[in-house]
Amino acid sequence: MTLAVPTTIQSILDAANDPTQRLDEQSLLSALSPFVNTRATLSELEQKGAAAEIVAWHLVRTEGERREPWGLYWRSFYSDDKLPPRHIPDLAEVDDDIVGHWIERLGTVKHPLIAARYADLAWTIGKYLKQSADKRPECLAPALSIPVSIDVAYAAIDNYIETIERGVAKDDYHLWFLMARAIELAVLIQNQVKIEAVKSALFRLHRRFAAQEGFHYWWKLDELISPFERKLNLAPTETAELKAWLRKVVDASSDETTTATFDPDRATFAADRLIARLDSNDAEIPKIVLQSGRAKEHLAQQSTAMLAQSFLADVVARYRKHHLMADVAQVEQVIRSRAAEANAQLKTTGAPIDIPEEHLNQWVERLMSGSLTDALYRIGMACLVREGEVKKNLQRMAKEAPLISRIAIQVTNEEGFAESTIGSVEDDLNGRAIRMAADQFNIDAFFLHVAYTRVTEKYGLETEALVDHIQSAPFFSPERAWMLREGLAAWSAGDSVKAIHVLVPQVEAACRELLVLSGVSVRVPNSWAGGTKVKGMGEVLCDGVFQRGELKDVGFHLRALYTDPRGLNLRNKLAHGLVHEGFLDLGVAHLVVHSLLLLATFRVVPHPSVPTP
């Protein structure tokens, strides 16, 4: 069956077929879109001709490695999520006549980009559809029989090169975009003549831009070579030219005396690309790292403290990676010196939480029913932050507030150093859950204060009664009861600083003893002392005992409170002297006492390996 392109469609294509003018492929897609739903009024031959052109111009070029739905360079303009999915256009529409039409068009068009498109479509889709349907489950259309010569691929490459040489793509970006496709095609067909042709064209394109001011698309030469380094087989002179170019970019971009070219970000990115091309022991590497790093240090001097922290954190990471530890220490001093200024620039935001007194009273009364022991058990469980609930709330928030859910969070300490970076809800659900738990603790501290006040009023809560309740759990050692007593007495007296310092180690000891009763070793080799040492709280809470079963949520809660830098990280801040003024308030003390009550609600059946007293 032959086909006939409708005159209205042909006139649109003819208007674009001027080889002296830049071509915007997207504009042709838009111009042909009205014909998608009007083909029914055409003759059978014209319907087929319209389909050939609509498919040709509605298939979209892909960027990057994601190639859906068919695993090809060309993808559909639109695909839905239904089963089976609907694609517009669908390769199932393509048959021998359409591929034959694309090949025939190569001899009739004048614009090299139009010719390149037809040739690329015919080669890529023709070869794909010539496979049997069982080898391409994404498209079950019958296999084609039309021969597709390697000359079609050659034509695609040659016309891409001509488009680039003549500069008749939509804009400069698309020249590089099409250059990438020409390289990919040459490598795919493994033709050395074409590989040399695209490589030469690539260097000519690079030199054209390198001769201009402004370093536009400076990274493209290296970016396009890198994925195909071995196949392109650069000559020594080409490798030297690439390195010299990257060196020039680093030099110009890191020179703060020349404002027209000074660009610390460009300097560091160019340095990274240059270093990747040098031997790992090359003496130039530290010099390049310092040169680009000093540019960012200079920029930080001219910036606000908060921006400076961001710039310098990147510098520290780069210096540390290359073992420039004296320079790391120097930059860290600068970060510390500007920490107070950065903290002053932070804005405090908040939202009022209206809790009706009636609801609060009802919540407290539910906790207070029964004996003192019953009340303490209920308080322990009432403010347990459960991992599953937190993650459900985050996923709901991602739908209701998608923007805030996608923005990364950086937790920075009082000295200006980032302690953790938390990704989006989609990419880092665990990290966001820990952070939300830390935020929840601020609210729970208020509820705990109300609960503790009411239980004291109702039961006359005494320190000794509280010690007895906690000590009833088997993993609170009787030998440490005096420490519990000291800490709880300080808490009752409102001395939050003493209470927290005394009680946090008791929580850690109880968690460690819980592992012992579960048959888990809590000691590890101490290589420098020649003996063993106990596991730290972070390692204890990451043990499987705290990752599954009824203790799974307890482990999550305690990690968020004590050891995870994405949470409050209370234990580590306390142990390393990193607590800032005002942090150890009564609210935090309430959370520590609650974690003791929480642990006291659980009973562990001793593992058979644990001897019975």
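Name the residue, out of Gly100, Gly107, that is within 28 Å of Glu162 (Cβ to Cβ) and not in a helix (DSSP H, G or I).
Working: Gly100 fails: not in a helix (DSSP H, G or I).
Matching residue, one of Gly100, Gly107: Gly107.
Could you list, in sequence order, all residues of the stretch 545-575 that are free of Cβ contacts under 8 Å to residues at least 24 places away in the same chain and either more than 30 Å from the chain's Cα centre (by Cα) or in a helix (DSSP H, G or I) (or both)?
Gly549, Gly555, Lys573, Ala575
Given Leu503, Leu448, Leu488, Leu461, which one is open to solvent by less than 70 Å² (accessible area, probe 1.4 Å), among the hydrophobic types (A, V, I, L, M, F, W, C), under 30 Å from Asn361 (Cα atoms) and not in a helix (DSSP H, G or I)?
Leu461
Among the residues of the stretch 154-175, write down those that are among the aliphatic types (A, V, I, L, M) and within 37 Å of the chain's Cα centre (by Cα).
Ala156, Ile157, Ile161, Ile164, Val168, Ala169, Leu175
Counting just the residues of the stretch 248-258 that are under 33 Å from the mean Cα position of the chain (by Cα) and open to solvent by 60 Å² or more (accessible area, probe 1.4 Å), which one comes out farthest from Ile288 (Cα to Cα)? Spell out the reasoning first.
Pass one, the stretch 248-258, residues under 33 Å from the mean Cα position of the chain (by Cα): 248-256.
When the remaining residues are screened for being open to solvent by 60 Å² or more (accessible area, probe 1.4 Å), the result is 248, 251, 256.
Details: Lys248: 11, Asp251: 9, Glu256: 15 Å.
So the residue we want is Glu256.
Output yes when any residue across the stretch 15-24 is open to solvent by 40 Å² or more (accessible area, probe 1.4 Å), over 20 Å from Phe177 (Cα atoms), more than 41 Å from the chain's Cα centre (by Cα) and not charged (D, E, K, R), and no when none is.
Initially, the stretch 15-24 is screened for residues open to solvent by 40 Å² or more (accessible area, probe 1.4 Å), giving 15, 18, 20-22, 24.
Going one step further and asking which of them are over 20 Å from Phe177 (Cα atoms), we end up with 15, 18.
Keeping just the survivors that are more than 41 Å from the chain's Cα centre (by Cα) gives 15, 18.
Narrowing the set further to residues that are not charged (D, E, K, R) leaves 15.
The answer is yes; a qualifying residue exists.
Could you grab me the full set of residues in the stretch 140-157 that are in a helix (DSSP H, G or I) and in contact (Cβ under 8 Å) with a residue 24 or more places away in the chain? Before you say what the answer is, go through the steps one by one.
At the first step, the residues of the stretch 140-157 found to be in a helix (DSSP H, G or I) are 150-157.
Matches in the stretch 140-157: Ile150, Val152, Ala153, Tyr154, Ala155, Ala156, Ile157.
Restrict the check to the stretch 424-436 and report whether at least one residue is under 29 Å from the mean Cα position of the chain (by Cα), on the phi < 0 side of the Ramachandran plot, open to solvent by 40 Å² or more (accessible area, probe 1.4 Å) and touching a residue at least 40 places away in the same chain (Cβ under 8 Å).
Yes, that holds for at least one residue.
Within the stretch 506-539, how many residues are in contact with an Asp or Glu (Cβ under 7 Å, 6 or more places away or on another chain) and open to solvent by 50 Å² or more (accessible area, probe 1.4 Å)?
The first filter runs over the stretch 506-539 and keeps only residues in contact with an Asp or Glu (Cβ under 7 Å, 6 or more places away or on another chain), leaving 515, 520, 537.
Of the ones still in play, those that are also open to solvent by 50 Å² or more (accessible area, probe 1.4 Å) are none.
Count: 0.
Tally up the residues in the stretch 318-331 that are open to solvent by 30 Å² or more (accessible area, probe 1.4 Å) and either of a type in the set (Lys, Arg) or closer than 14 Å to Ala271 by Cβ (or both), please. Please lay out each step first, then the result.
As a first pass, look at the stretch 318-331 and keep what is open to solvent by 30 Å² or more (accessible area, probe 1.4 Å): 318, 320-323, 325-326, 329-330.
Filter again for either of a type in the set (Lys, Arg) or closer than 14 Å to Ala271 by Cβ (or both), leaving 318, 320-322.
Going through the stretch 318-331 one residue at a time, the tally reaches 4.
Can you tell me which residues in the stretch 89-140 are open to solvent by 10 Å² or more (accessible area, probe 1.4 Å), over 24 Å from Ala15 (Cβ atoms) and of a type outside the set (D, E, K, R)?
Within the stretch 89-140, Ala92, Gly100, Trp123, Thr124, Tyr128, Gln131, Ser132, Ala133, Pro137, Leu140 qualify.
The values are calculated or read from the model by the stated rules, or taken from the named source; none is laboratory data. Since we're looking at a predicted model, the values are computed, not measured. Using ideal geometry, Cβ is built from the backbone for each residue, glycine included, and neighbour counts are taken over all protein chains shown. Surface areas here come from the heavy atoms of the whole protein model, side chains and all, with no ligands, DNA or RNA. Shrake-Rupley method; radii C 1.70, N 1.55, O 1.52, S 1.80 Å.
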